[in-house]
Amino acid sequence: MQVYSDFLVRYNISVYIVSMIIKNTSPSSQKLRSIMQVVFLFLILFIGIQFIQYVAWLDSGGLGDAPRRPPGATGFLPIASIMSLSFLFQTGEVHSVHPAGLFLFIAFVIMSFIAGKSFCSWVCPFGLLSELLEKVHRRLFKRVLSLPRWLDYPLRSLKYLLLGFFLLAIIPMGAIELGHYLNSPYHAVADIKMYRFFAQITPFAAYVTLGLILFSLVIPYFWCRYLCPYGALMGFIGLFSPNKIKRNADSCIDCGKCTKVCPARILVDKVNTVRSDECTSCYQCVDTCPVKDTLEVTNFPTKRTIPTRLLGITIAATFVILVGIGYISGNWDSSLSAEKTLELYPGIDFYLHTGTY
Ligand code: SF4
Ligand code: SF4
């Protein structure tokens, strides 16, 4: 308890100092968010180019020097990363086949704890795509269409059902079972399988993807709001974040601008504290509020207001720190050699979830 209160005092002072610096020097949180979204998009494009080169090398049967297998791609393997995290808890070991995925997953979990479901509106490329589709939607329809509440509520639970399905399969697994999966050829080439899913997309998968994009154009954030289990997990963790948006009912002039701008359709002007699992911490409501000190992010244990820019910088710093820890500790690149991957590659369509190589 003493340690916790010492931490809070120190945290309180540090937050105050950094808040003062940031208040006077950095860009607005929306600019910062756009910068981060674009940076992550370019990062993902860069990873995609590296993957194209790597798979071309595998397809050539290993002609010439092996290009680098981009470890960042494993950030798109959340199920494997959750299993890796469970393996880490149970054995104390970082599994060496796709360690980058684990560090990225931990970074995203920490971001969610610091700033709710911020992964969705600051980092995720699908979140960015949904946001762009929403902008097109607003231009096309001149207003935001949404499903009626009686349909919206049950549909929102779909993503939790999907998440529950995955977690119920993973949580009971012991270290041996986890090891069977993490050491399997299936897991060894899981990132390549995922790449091939998009690069050699089947007509069925293409129609489903196109359908989801169209749905997201007509009903903004359709995928994020109803179907994405990763977003569900981040939203659930975000519920425990000590940093929440607080409305000062005394100074609020009930203009409704915060609610109008909210992409998660949260009735911000009707609550005192935003506690929704749908809040993506985009902070558009905070930045839109015309009355000073009325809508702010508050750190509940310390009761201190936190500038949204500071939260944005913290989100970015969390990513950089966790990636740095992965690199420095030697847990970033896969332990699988290029030769071993080349050996496994011909069987890529036939591997089961367990088995050895
Ligand atoms: S409540 Fe505010 S921060 Fe949360 S999603 Fe809505 S606009 Fe963004
Ligand atoms: S934008 Fe600010 S002033 Fe307007 S309703 Fe929301 S909290 Fe109140």
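Please treat every number below as a calculation from the coordinates, not as lab data. The structure displayed is predicted, hence computed values, not measured ones. Here the Cβ is made from the backbone with ideal geometry for all residues, glycine too, and neighbour counts use every protein chain on show.
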*Restricting attention to the range 272-283, which residues are surrounded by fewer than 23 Cβ atoms within 10 Å (Cβ to Cβ) and near ligand 1 (Cβ under 9 Å from one of its atoms)?*
SER276, GLU278
*Checklist (1) under 28 Å from GLU134 (Cα atoms); (2) more than 10 Å from ligand 2 (Cβ to nearest atom); (3) in contact (Cβ under 8 Å) with a residue 60 or more places away in the chain applied to ARG275, failing item*: (3)
*Would you check if PRO148 is within 13 Å of the chain's Cα centre (by Cα), surrounded by fewer than 18 Cβ atoms within 10 Å (Cβ to Cβ) and away from ligand 2 (no atom under 16 Å from the Cβ)?*
no
*Filter the range 58-79 down to residues that are crowded, with 16+ Cβ neighbours inside 10 Å, assigned to a helix (DSSP H, G or I) and without any contact (Cβ under 8 Å) to a residue 60 or more places away in the chain, then give me how many there are.*
2
*Single residue of the range 290-299 satisfying the filter (within 21 Å of ILE315 (Cβ to Cβ) and within 10 Å of ligand 2 (Cβ to nearest atom)) that is surrounded by the most Cβ atoms within 10 Å (Cβ to Cβ)*: LEU295
*Would you pick out the residues in the range 112-154 that are in contact with an Asp or Glu (Cβ under 9 Å, 6 or more places away or on another chain) and of a type in the set (Val, Ile, Thr)?*
VAL144
*Just name the residue that is nearest to ligand 1 (Cβ to nearest atom) out of those in the range 286-307 that are touching a strand residue (DSSP E or B) at 6+ places or on another chain (Cβ under 6 Å) and within 16 Å of ASN243 (Cα to Cα).*
VAL286
*Out of all the residues in the range 152-163, is one or more within 27 Å of ASP349 (Cα to Cα) and either under 26 Å from the mean Cα position of the chain (by Cα) or surrounded by 17 or more Cβ atoms within 10 Å (Cβ to Cβ) (or both)?*
yes
*Name the one entry in ASP250, ASP191, ASP269 that is away from ligand 1 (no atom under 16 Å from the Cβ), crowded, with 20+ Cβ neighbours inside 10 Å and among the acidic types (Asp, Glu).*
ASP191
*Count of the range 125-154 residues which are outside any helix (DSSP H, G or I) and either closer than 21 Å to TYR230 by Cβ or polar (S, T, N, Q) (or both)*: 1
_Any hit, the range 278-286, residues being under 24 Å from the mean Cα position of the chain (by Cα), free of Cβ contacts under 8 Å to residues at least 24 places away in the same chain and away from ligand 2 (no atom under 14 Å from the Cβ)_ = no
